[in-house]
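Here's the structure we're looking at; comments come further down.
The values are calculated or read from the model by the stated rules, or taken from the named source; none is laboratory data. These numbers come from a predicted model, not from an experiment. Note that we place each Cβ from the backbone using ideal geometry, even for glycine, and neighbour counts take in every protein chain shown.
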Amino acid sequence: MQSTSLPPTMTAETAETAGALKQRAAILATRGDHDGAVDALDRAVEAEPRDAETFAMRGGSRAALGMLSAAVEDFAQAVMLSPKSSSYLDALGVHLQQLKMFDQAVMFHVNAIQHAPEQEQPRLFVNLGRAMMGQGNHAAAVELFETALAAEPDLHDGTINLTNALVAMGQHARAIDVCRVALERRETTELWHNMGSALNRMPGRKADAVAAFERAIEIDPGNRRSRHMLALLKGEEIETIPSAFVSDMFDDYAAYYDKDVVDKLKYRVPGLLRRLMLDPRTGKFRYKAVLDLGCGTGLVGVMLRDLTDYLKGADLSRNMLAQALSKGLYDQVEVVDVAETLGSDDRLYDAVVAGDVFGYLGRLDMVFALIHAKLEPGGILAFSVERSEDADYGVLATGRFSHSDDYVRSTLEAAGFVVLSVAREQLRVQAGMPVEGMLVLARKP
Ligand SMILES: C[S@@+](CC[C@H](N)C(=O)[O-])C[C@H]1O[C@@H](n2cnc3c(N)ncnc32)[C@H](O)[C@@H]1O
């Protein structure tokens, strides 16, 4: 009798075995032993290959072990076996987001919402909004976060994501209002951090931003992002932005970087770098080997590919490099922190370019020395920086560095370069305002 109510492949005996294995896996996972849990769940899948919950559990443990692709496969299997489960659909979407597959994630999140009971929907709206932010659709994301918060005002994740999206859209005053209301309900380190980030971008609110970051650190002394922002605001000696901070930021930005900078920010640097490479003062109109430092998604590569026989891209962010690779322009790419090394190859280049990269390094003497060593005699260096009027280099409200004309020239010369030109240019538009910078061309004698 009992076996007739079970799926066709399942006997009472295997069901019991699979059940016991799942129970053991759940205990192991709670203790943090995800290897043990995956082991038990592998056996549970063998015993009962049509149980959606087993796949979802294994997906959770594989994700905890950093096996993201395998986790996505498990959640996809769970969804195939139980296509109307909002929690499996949502989990699949969340893990697709971690693989930066935002278009696919949106599809599963929408599906999850359709099948979820009303009380679960606010949380699912937030996850859909995050996927839409990944696609670069901040306006739609804001609407979703607001819908979620209207239904459940205490949804902390909703407030954090809403304020992130508003700051990304340049709507700082609105972000501050949202933080203030949420902080009246409950103080968290993330909310104070976002409050500080929004205040920092408003004219005349530096002291308030300092107070907000200090409060964020009081609540969680381990909050490194707030510590970094506070150090910048207090003018403490900072020579570079921590590389983990930069790579996390660009890993998140990678999927919508091209659309954002080209359509919204009217980013001009790649075209300006091409112009420099063809400047008669270089004495060149074609190159043997070009190294694109901080190549990001490859927008500079698009502009330079036809000028060189060999093109290498180097960047801190794996996701940015993945986008660059997908353009099929680079002969080689490498994950590299240019503050330390320019890569593992011993090739000499006849040009090194860096579009909008030195804003993440303050001091430039070290990187100029590294570049000098990578260039053959007569090789050129072309790069952009944001322009500072006074200090050698200073920190902008965006957390990036700007550099002065004098500092750039003297540091290049000290590294052994001849400065060929330093030209003032508009680099992009930000929050409706032109961002002024310098396009610099130098040669190794
Ligand atoms: C604003 S993007 C510019 C990307 C590309 N050059 C362009 O013009 O589109 C800055 C890039 O520099 C990279 N970057 C920042 N600091 C770096 C470092 N220390 N080492 C290597 N790459 C870095 C970031 O990961 C990001 O891809």
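Being part of a loop (DSSP other than H, G, I, E, B), farther than 26 Å from M202 by Cβ and not small (G, A, S) is the filter here, so list the residues in the range 388-416 that pass it.
Here is the first cut: in the range 388-416, the residues part of a loop (DSSP other than H, G, I, E, B) are 388-392, 396-400, 404, 415-416.
Then drop every residue that is not farther than 26 Å from M202 by Cβ, which leaves 392, 415-416.
D392 - this is the single residue of the range 388-416 that is part of a loop (DSSP other than H, G, I, E, B), farther than 26 Å from M202 by Cβ and not small (G, A, S).
Please enumerate the residues belonging to the range 297-328 that are polar (S, T, N, Q), in contact (Cβ under 8 Å) with a residue 24 or more places away in the chain and more than 8 Å from the ligand (Cβ to nearest atom). Steps first, answer last, please.
Narrowing the range 297-328 to residues polar (S, T, N, Q): 297, 308, 317, 319, 323, 326.
Right, trim to in contact (Cβ under 8 Å) with a residue 24 or more places away in the chain and you get 297, 308, 317, 319, 323.
Matches in the range 297-328: T308, N319, Q323.
Looking at the structure I just gave you, is D292 modelled with pLDDT of 95 or more, within 13 Å of the ligand (Cβ to nearest atom) and part of a strand (DSSP E or B)?
On the way: modelled with pLDDT of 95 or more: yes; within 13 Å of the ligand (Cβ to nearest atom): yes; part of a strand (DSSP E or B): yes.
So D292 fits the description; yes.
Which residue, of M202, M229, M249, is within 28 Å of R428 (Cβ to Cβ) and more than 23 Å from the chain's Cα centre (by Cα)? Outline the logic, then answer.
Details: M229 fails: more than 23 Å from the chain's Cα centre (by Cα); M249 fails: more than 23 Å from the chain's Cα centre (by Cα).
Result of the check over M202, M229, M249: M202.
Run T163 past the list (1) hydroxyl-bearing (S, T, Y); (2) within 20 Å of K264 (Cα to Cα); (3) over 19 Å from the mean Cα position of the chain (by Cα) and report the number of the one that doesn't hold.
(3)
Filtering the range 254-263 down to residues that are of a type outside the set (V, I, T) and touching a residue at least 24 places away in the same chain (Cβ under 8 Å), which residue is surrounded by the fewest Cβ atoms within 10 Å (Cβ to Cβ)? Break it down into steps so the answer makes sense when it comes.
Applying the first criterion (of a type outside the set (V, I, T)) to the range 254-263 yields 254-260, 263.
So of that shortlist, the ones also touching a residue at least 24 places away in the same chain (Cβ under 8 Å) come out as 254-260.
Working: A254: 22, A255: 23, Y256: 21, Y257: 21, D258: 18, K259: 12, D260: 15.
So, considering only residues that are of a type outside the set (V, I, T) and touching a residue at least 24 places away in the same chain (Cβ under 8 Å), the one surrounded by the fewest Cβ atoms within 10 Å (Cβ to Cβ) is K259.
Going residue by residue through the range 20-32, is there one that turns out to be outside any helix (DSSP H, G or I), of a type outside the set (V, I, T) and at pLDDT below 95? Walk me through how you get there before you give the answer.
Of the range 20-32, the ones outside any helix (DSSP H, G or I) are 31-32.
Restricting the remaining residues to those that are of a type outside the set (V, I, T) gives 31-32.
Pick out the ones that are also at pLDDT below 95 and you get 31-32.
Yes.
Anything in the range 295-328 that is under 13 Å from V352 (Cβ atoms) and part of a helix (DSSP H, G or I)? List them, or say none.
V300, L304
Does V106 fit the bill of being part of a helix (DSSP H, G or I), in contact with a Phe, Trp or Tyr (Cβ under 9 Å, 6 or more places away or on another chain) and in contact (Cβ under 8 Å) with a residue 24 or more places away in the chain?
Numbers: part of a helix (DSSP H, G or I): yes; in contact with a Phe, Trp or Tyr (Cβ under 9 Å, 6 or more places away or on another chain): no; in contact (Cβ under 8 Å) with a residue 24 or more places away in the chain: yes.
No: the conditions fail for V106.
Grab the helices (runs of 4 or more DSSP H) fully contained in the range 138-214, keeping just those with 3 or more residues being on the phi < 0 side of the Ramachandran plot and among the polar types (S, T, N, Q).
On the way: elements: 138-151, 156-168, 172-185, 189-200.
Counting at least 3 such residues, we get 156-168, 189-200.
So which residues in the range 232-252 are under 18 Å from R205 (Cβ atoms) and hydrophobic (A, V, I, L, M, F, W, C), if there are any at all? Before the answer, list the steps.
Step one: of the range 232-252, the residues under 18 Å from R205 (Cβ atoms) are 232-235.
Residues satisfying the conditions are L232, L233.
Can you tell me which residue within the range 233-253, out of those that are within 24 Å of D392 (Cα to Cα) and near the ligand (Cβ under 9 Å from one of its atoms), is surrounded by the fewest Cβ atoms within 10 Å (Cβ to Cβ)?
Initially, the range 233-253 is screened for residues within 24 Å of D392 (Cα to Cα), giving 233-243, 245-246.
With near the ligand (Cβ under 9 Å from one of its atoms) added as a condition, the list becomes 240-241, 243, 246.
Values: T240: 20, I241: 20, S243: 16, V246: 22.
Checking each candidate, the answer is S243.
Of all the residues that make up the range 350-360, how many are buried (at least 24 other Cβ atoms within 10 Å of the Cβ) and over 18 Å from the mean Cα position of the chain (by Cα)?
Qualifying residue count, the range 350-360: 4.
Please verify whether the range 218-232 includes one or more residues that are within 10 Å of the ligand (Cβ to nearest atom) and not in a helix (DSSP H, G or I).
Taking the range 218-232 as the starting set, the residues that turn out to be within 10 Å of the ligand (Cβ to nearest atom) are none.
No, the range 218-232 contains no residue that is within 10 Å of the ligand (Cβ to nearest atom) and not in a helix (DSSP H, G or I).
Do we find that F417 is within 30 Å of A173 (Cβ to Cβ) and of a type in the set (F, W, Y) in this structure? Show your work before the answer.
Values: within 30 Å of A173 (Cβ to Cβ): no; of a type in the set (F, W, Y): yes.
Here the answer is no, as F417 does not meet what is asked.
Restricting to the range 123-141, name every residue that is modelled with pLDDT of 95 or more and crowded, with 22+ Cβ neighbours inside 10 Å. Break it down into steps so the answer makes sense when it comes.
First, pick out the residues of the range 123-141 that are modelled with pLDDT of 95 or more: 123-129, 140-141.
Listed by number, the residues that qualify are L124, F125, V126, N127, L128, G129, A141.
Would you please name the residue that is farthest from the ligand (Cβ to nearest atom), looking only at residues in the range 266-287 that are surrounded by 15 or more Cβ atoms within 10 Å (Cβ to Cβ) and within 24 Å of the chain's Cα centre (by Cα)?
Of everything passing the filter in the range 266-287, R268 is farthest from the ligand (Cβ to nearest atom).
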